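Throughout, read-outs are computed from the coordinates displayed, never taken from laboratory work. Here the structure is a predicted model, which means the values were calculated and not measured. Cβ atoms come from the backbone with ideal geometry, glycine included; neighbour counts cover every protein chain shown.
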Amino acid sequence: MTTAPERHTCSRAGCRAEATTAIEWRNPRIHTGDRMKTWLACDEHVDVLRDFLAARAFPLRVRAQGAPTDQVS
Ligand SMILES: [Zn+2]
């Protein structure tokens, strides 16, 4: 079974650009504990995606795609 190398594309609908940023977020109403969702964003859409979440007051964290995840204590 062959698997194509995973390519990280932007999470914005219809965008095929390579993601440079990861946005980790959580909806406190449906996500319990520390479970986070991750959206990937290209340079063009990072602000759009971040603002979408910020407008809903979801906790979020932005980091460079491929950067090590912060240690969770
Ligand atoms: Zn994009």
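For Ala41, neighbours were defined as the other residues whose beta-carbon sits under 12 Å from its Cβ, and their charges (Lys and Arg +1, Asp and Glu -1) total -3.
Among Ile30, Ile23, sorting on how many other beta-carbon atoms sit within 10 Å of each Cβ, with the fewest leading, yields Ile30, Ile23. What is the local net charge at Arg50, summed over the other residues whose Cβ is closer than 15 Å to its Cβ (Lys, Arg +1; Asp, Glu -1)? Net charge in that neighbourhood comes out at +1. Each of Arg35, Arg63 was scored by other Cβ atoms within 10 Å of its Cβ. Arranged with the fewest first, they read Arg35, Arg63.
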